[in-house]
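The values are calculated or read from the model by the stated rules, or taken from the named source; none is laboratory data. Just so it is clear, the model here is predicted, and its values are computed rather than measured. Here the Cβ is made from the backbone with ideal geometry for all residues, glycine too, and neighbour counts use every protein chain on show. The accessibility values were calculated without ligands, DNA or RNA, using every heavy atom of the protein model including side chains. Shrake-Rupley method; radii C 1.70, N 1.55, O 1.52, S 1.80 Å.
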Amino acid sequence: MKKIAVVTGASSGMGRLFAETLSSSGKELDEVWVIARRKDRLEELKTILPARPLSLDLTNPGDLAKYEALLKEEQPQVLLLINASGFGKFRATVELPLEENFGMVDLNCKALMAMCQMTIPYMPADSNIINIASVAAFQPVPYINVYAASKAFVLSYSRGLYCELKPKGITVTAVCPFWTKTEFFNRAVAADQDAVVKKYTAMYMPEQIIKRAWRDMKKGRQVSKFGFVARFQAILAKILPHRFVMWYWMKQQKL
């Protein structure tokens, strides 16, 4: 039976870096199913790993059905599932087209949930799931509202799923990055509009986030956070009233 990893969002950003550093997972893999819309970017991964490019739009029910059908046909052992697909928009909620807000929920929440639910039946004991959430998941964030809310779903869903799957020997780790230097910002920030986020308290490199994520996954941790600022902000969001946290965010960003 073929042993595989599945990585979504593998054409860029943290998804691609997860795919490129799969050797750090400690898994012996026969094949890696790399999923994204841009097939040309996926094809590039063939030069460094046994990649099987799957050009799928995970917000499209038809493409999700194709993935499910492939699992049923090939019956692989999925040792690792990494859900790194997602996007955010920095703008007032009602200033964004409704389809953009729907898109964030569809990709960040619904697609992630679908990938987990369809893949878990093919995961043996000692398998792992990594879901990309965000430090924004710990608090409401005005002007990044739908994105933050979608990541709150990812965090809550992942932690609950961890408890459900632990008796089966499967762990789920929600990775919660702080600001991270990736192509995420190319889509999040509209070039023709005034910047919503004017102050970045810290900016980390994706390599730092992913190195910590691999370590936390191996330790079976539910949540992975890299950096003092990220950990400190998550703690403050737990102990301070969210009303104050939002007020401070607005003041910091001069909104």
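Rolling a 1.4 Å probe over the heavy atoms of the protein chains gives region 168-255 an accessible area of 60 Å² per residue. Taking the DSSP bridge list for region 16-170 and keeping only pairs wholly inside it, about 0 percent are antiparallel.
Remark on ARG52: its backbone amide H falls under 5 Å from those of VAL32, TRP33, VAL34, a criterion applied only to residues 5 or more positions apart or on other chains, H modelled at 1.01 Å from N. Cross-linked pairs LYS181/LYS254; LYS151/LYS211; LYS46/LYS110; LYS39/LYS199: Cα-Cα separations exceed 26 Å for LYS46/LYS110; LYS39/LYS199.
Nonpolar atom fraction for the chain, defined as the carbon and sulfur part of the 1.4 Å probe accessible area, stands at 54 percent. Amide H contacts for MET123 (H built 1.01 Å from N in the peptide plane; partners 5 or more residues away or on another chain; cut-off under 5 Å): VAL78. Over the residues of the chain, the helix contribution to mean residue ellipticity at 222 nm works out to -12500 deg cm²/dmol, using -39500 (n - 2.57) for each DSSP H run of at least 4. Annotation note: GluC sites (Glu not before Pro) in region 1-110 located in DSSP loop regions with a Cβ neighbour count of at most 12 within 10 Å are GLU28. Under 20 Å Cα to Cα from LYS72, which lysines show up? Leave out anything in the same chain fewer than 8 places away. Filter leaves LYS2, LYS3. When TRP179, TRP247, TRP214 are compared by accessible area of protein heavy atoms, the largest-first order is TRP247, TRP179, TRP214, using a 1.4 Å probe. Working from the Cα coordinates of region 171-250, the gyration tensor eigenvalues give, after taking √(5λ), semi-axes of 25, 19, 10 Å in decreasing order. Look at (1) 41, 24, 16; (2) 35, 19, 17; (3) 30, 20, 17: the one that is semi-axes √(5λ) of the Cα gyration tensor in Å derived from this structure is (3). Near the amide H of ILE130, under 5 Å away, which other amide H atoms are found, from residues 5 or more places off or on another chain, if H is placed in the peptide plane? HN-HN under 5 Å from ILE130: LEU81, ILE82, ASN83, THR173.
Within the same chain, aspartates and glutamates fewer than 8 places from LYS219 are excluded, and of the rest, those with a Cα less than 16 Å from its Cα are ASP126.
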